[in-house]
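Data first, discussion second: the structure below is written as structure tokens.
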Amino acid sequence: MKKDTRKYGISSKRGRQPTNLDPFKPEEALKEPSLCTTCKTVYQQQRWSLDQEEYRKLENDPKTNWITCPACQKIAAGYPEGIVTLSGSYLWKHEEEIQQILKNEEHKALEKNPFERVIRKIRDDDKLVIETTDKKLAEHLGRVLHKAHRGKLDISWAGDPDLCRVSWERML
Ligand SMILES: [Zn+2]
């Protein structure tokens, strides 16, 4: 039997096959408590947190269930829900400031929701591409940048309902 890999197959150039399936949504209720071996998120009382005090408490508890959390699965599979593309010569002249904004927002998002993460930032020619695990985070990064540095912002949900593409450009 051929394994269906389309859900995972991502080409940043052509986009993904539209799908409403999120392969990383756990189908069954997770056992509690659960700890992510990769990022140390804690799952208990039906919520996720990055409470490191809790993590240390549960780490040696024999009842603890060890898992790879949905965000880490997405990251491992290279499965972004948001792609933010920054471009224009202004970007590279103000790179440090812009990187700082991105870092701050990334940090704030993570505190609010442990599954809103930046997967990676890649320099692609004269563009900076930021992949996120979450659509709203991509939109948010675009809006914050636009507010602070103006430029041209475009947010597109077209094509694939599971992917938000954000582009921001400023030339001068
Ligand atoms: Zn994790």
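Highest mean packing comes first when the peptides 105-111, 84-90, 116-122 are listed by Cβ atoms within 10 Å, giving 84-90, 116-122, 105-111. 3J(HN,Hα) along region 139-151, derived from phi through the Karplus expression 6.51 cos²θ - 1.76 cosθ + 1.60 where θ = phi - 60°, amounts to 4, 4, 4, x, 5, 5, 5, 5, 5, 7, 10, 6, x Hz, with x in place of Gly and Pro. Comparing Cα centroids, region 43-102 and region 129-172 end up 18 angstrom apart. The HN-Hα couplings worked out from phi for region 98-112 by the Karplus form 6.51 cos²θ - 1.76 cosθ + 1.60 (θ = phi - 60°) are 5, 4, 5, 4, 4, 5, 4, 5, 4, 5, 5, 4, 5, 5, 6 Hz, whole numbers, x standing for Gly and Pro. Length gained on full extension, Val144 to Glu53: 29.6 nm, using 0.36 nm per residue less the C-alpha separation.
Would region 79-169 count as rounded, prolate or oblate if I go by the C-alpha gyration tensor, calling it rounded below 1.5 in a/c and otherwise prolate when a/b exceeds b/c, oblate otherwise? Since a/c reaches 1.5 but b/c is at least a/b, the shape of region 79-169 is classed as oblate.
FYI, it's all coordinate maths here, none of it is from the lab. No experiment lies behind these values; they were computed from the predicted model shown. Cβ: placed from backbone, ideal geometry, glycine included. Neighbour counts: every protein chain shown.
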